[in-house]
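Peer 1: Below you will find the structure I want to go over with you.
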Amino acid sequence: MSCIHLKPGVTDLGTVAVRGGREPDPTTGAIIAPIVQSATYVQRGVGLDLGHTYSRCSNPTVDGLERALGALEDSPAAVCYSSGLAAVHALLLSTLSAGEHVIVSDVVYGGTYRLLTEVLARFGVSASFVDTADAGAVAGAIRPTTRLILIETPANPTLKLTDVAAVVAVARRAGVLLAVDNTFLTPVGLRPLDLGADVSVYSTTKYIDGHNTSIGGALVSRDEGLLEKFRFIRKTVGSIQAPHDAWLTLRGLTTLPLRLRRHSESAQVVAEWLEGRDEVERVLYPGLASFPQAELAARQHALHAGIIAFELRGGEGAGRTLMNSVRLCALAESLGSAETLITHPATMTHGSIPRASRQAAGISDGLVRLSVGLENPGDIIADLEQALGAVTQADRPRFAAAQEGVLA
Ligand SMILES: Cc1ncc(COP(=O)(O)O)c(C=O)c1O
């Protein structure tokens, strides 16, 4: 049986997620490829290897995940890393040298910000954090030394969107590469390479694994030259994904389209419910008519996935009470898993960004991020309802004042 690749115009990712890039094990016929837990590979003679030499460079189990991820974007095999941040790191090391410049979305995962400002800055790479929702601002930030634009859409944690096609046009005019961190939507919700981007970036830890069982990252591209650079950096810094983690990620990927659909449907229900609550100041979810970029979301996304951001009228204190009062939702970092996770970006995922920069990017101290899981949405709502009850109980005078419009 040969590997299945998505043909142009074929949109059934359900089939590709189950079968794309898969082959039965050639030695046993096992339909699920085994975990090849081996550091090295015996060669038939000097220079006569069987395709693998050492598992820091490549591994058959990791290869299997890479073929499947590539198939999801109708691309050659992806390059997989030990974490999403290792993938971002490999992208930056592959495309930038000392004295060169990268434009990055102003709302971005905190680890990406920290890597650029606290590590790569010491090696002479400069970064401008720009509102990439404004393609004109991106064009204005291009310098003669700019080599890469890295956008995150929807951005973590405010869900601000970037119009990928508009930034593709800017990147093409300037002759610079464009990479899209597509962790929040996965290829099921958005296919950046089809829109003209050069690289899709993933933390596979999130939706692609989907079960909170592995840490991993991937770079997907249709440019063989770039893929070669990504593999070179990986073997040079030693950041390949472990075979067992790759195997778990591949198993998760098999049900990605099914899960994403359920995450999206449930998040829509939960977001609409939150929007109707008096205790809630504002809700950000791309599927809501009130979402500031609802038109772009409808045009750009096949679905909106399961992440919601919201703020309570009682501000940070109320947000903390809510997060400390949930029972079914788990207070934890990460997103995209079967379990509903609730996160406080200001102290957790985005704590490494200075407060002033966080505030400028709309990441207020009271912002709550909810990753709607695969539980029954009614149960998620019931949990949030009892936690909101704790908020009003704890903060009754302030809440009453807010309702009367005394507090802004
Ligand atoms: C958008 C985005 N990119 C990259 C990462 C880093 O991924 P990892 O935690 O797998 O290193 C994260 C982690 O939350 C993320 O949300």
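The values are calculated or read from the model by the stated rules, or taken from the named source; none is laboratory data. Remember, it's a predicted structure, so these values are computed and weren't measured experimentally. As a convention, Cβ positions derive from the backbone with ideal geometry for all residues, glycine included, and neighbour counts pool all protein chains shown. Accessible surface areas use protein heavy atoms only, side chains included; no ligands, DNA or RNA. Shrake-Rupley method; radii C 1.70, N 1.55, O 1.52, S 1.80 Å.
Peer 1: Grab the alpha carbons of region 169-250, take their convex hull, and tell me the volume per residue in Å³.
Peer 2: Here the figure is 101 Å³ per residue.
Peer 1: Using modelled backbone amide H atoms (1.01 Å from N, in-plane), which distant-in-sequence or interchain residues come within less than 5 Å of LYS160's amide H?
Peer 2: Long-range HN contacts for LYS160: ALA155.
Peer 1: May I pose another question? So what is log10(I(q)/I(0)) for region 1-142 at q = 0.08, 0.16 1/Å, when the Debye sum runs over its Cα atoms only?
Peer 2: The calculated log intensity ratios at q = 0.08, 0.16 Å⁻¹ are -0.36, -1.01.
Peer 1: Okay, helix-only estimate at 222 nm for the chain: each DSSP H run of n ≥ 4 adds -39500 (n - 2.57), divide by all residues, round to 500 deg cm²/dmol; what do you get?
Peer 2: Theoretical 222 nm ellipticity from helices: -11000 deg cm²/dmol.
Peer 1: If you don't mind, another one. Expressed as a whole percent, how much of the Cα-Cα distance distribution for region 79-205 exceeds 24 Å?
Peer 2: Of all Cα-Cα pairs in region 79-205, 17 percent lie more than 24 Å apart.
Peer 1: Then there is this: Determine ³J(HN,Hα), in whole Hz, for all residues of region 111-116 in sequence, where each value follows from phi through the Karplus function 6.51 cos²θ - 1.76 cosθ + 1.60 and θ = phi - 60°; x replaces Gly and Pro.
Peer 2: x, 5, 4, 5, 4, 6
Peer 1: Any idea what diffusion coefficient region 164-216 gets from Stokes-Einstein, in µm²/s, Kirkwood Rh on alpha carbon pairs, 37 °C, 0.692 mPa s?
Peer 2: Estimated diffusion coefficient is 277 µm²/s.
Peer 1: Using the Karplus curve 6.51 cos²θ - 1.76 cosθ + 1.60 with θ = phi - 60°, what ³J(HN,Hα) values do you get for each residue of region 380-394, in whole Hz, with x for Gly and Pro?
Peer 2: Each residue of region 380-394 in turn: 5, 5, 4, 5, 5, 5, 5, 6, 5, x, 5, 5, 5, 4, 6 Hz.
Peer 1: Hey, what's the chain come to in accessible area per residue, 1.4 Å probe, Å²?
Peer 2: Each residue of the chain exposes 40 Å² on average to a 1.4 Å probe.
Peer 1: Another one. Among the DSSP beta bridges whose two residues both lie in the chain, what percent are antiparallel, rounded to the nearest 5?
Peer 2: 50
Peer 1: Still on this model: Would you mind checking region 105-141 for residues with the amide N under 16 Å from a putative spin-label position 7 Å along Cα→C-beta of ALA98?
Peer 2: Under 16 Å, as judged by backbone N against the label point of ALA98, lie 119-126 of region 105-141.
Peer 1: Here's something else I'd like to know. What is the sum of charges around VAL220, taking Lys and Arg as +1, Asp and Glu as -1, for the other residues whose C-beta is under 11 Å from the C-beta of VAL220?
Peer 2: -3
Peer 1: Taking 7 Å along the Cα-to-C-beta vector as the label spot, tell me the THR347-ARG143 distance in nanometres, rounded to one decimal.
Peer 2: In this crude label model, THR347 to ARG143 measures out at 3.7 nm.
Peer 1: A further question on this structure: Looking at the chain, identify the longest residue range that excludes and avoids all trypsin sites (Lys or Arg not before Pro) in DSSP loops having at most 13 other Cβ atoms within 10 Å.
Peer 2: Here the longest run is 45-326.
Peer 1: Once fully extended, how much extra length lies between ALA165 and ASP134, figured as 0.36 nm per residue of separation less the alpha-carbon to alpha-carbon distance?
Peer 2: That works out to 10.0 nm of additional length.
Peer 1: Can you list residues whose amide H is under 5 Å from VAL36's amide H, if they're 5+ apart or on another chain and H is modeled 1.01 Å from N?
Peer 2: Amide H neighbours of VAL36, under 5 Å, 5+ apart: THR61.
Peer 1: With N denoting the number of residues in the chain, provide Rg(C-alpha) divided by 2.2 N^0.38 Å, to two decimal places.
Peer 2: Scaled against compact globular proteins, the figure is 1.01.
Peer 1: Taking 7 Å along the Cα-to-C-beta vector as the label spot, tell me the TYR54-ARG261 distance in nanometres, rounded to one decimal.
Peer 2: 4.6
Peer 1: I would also like to ask the following. Grab the Cα-Cα distance for ARG122 and ASP379, subtract it from 0.36 nm times how many residues apart they are, and report the gain in nm with one decimal.
Peer 2: Contour length minus the Cα-Cα distance gives 87.7 nm.
Peer 1: Could you give the length gained on full extension between GLN37 and THR15, defined as 0.36 nm per residue of separation minus the Cα-Cα distance, in nm?
Peer 2: Between GLN37 and THR15, full extension yields 5.1 nm more.
Peer 1: Any chance you could count the Lys pairs in the chain whose alpha carbons are under 28 Å apart, treating pairs 8 or more apart or on different chains as valid?
Peer 2: 5
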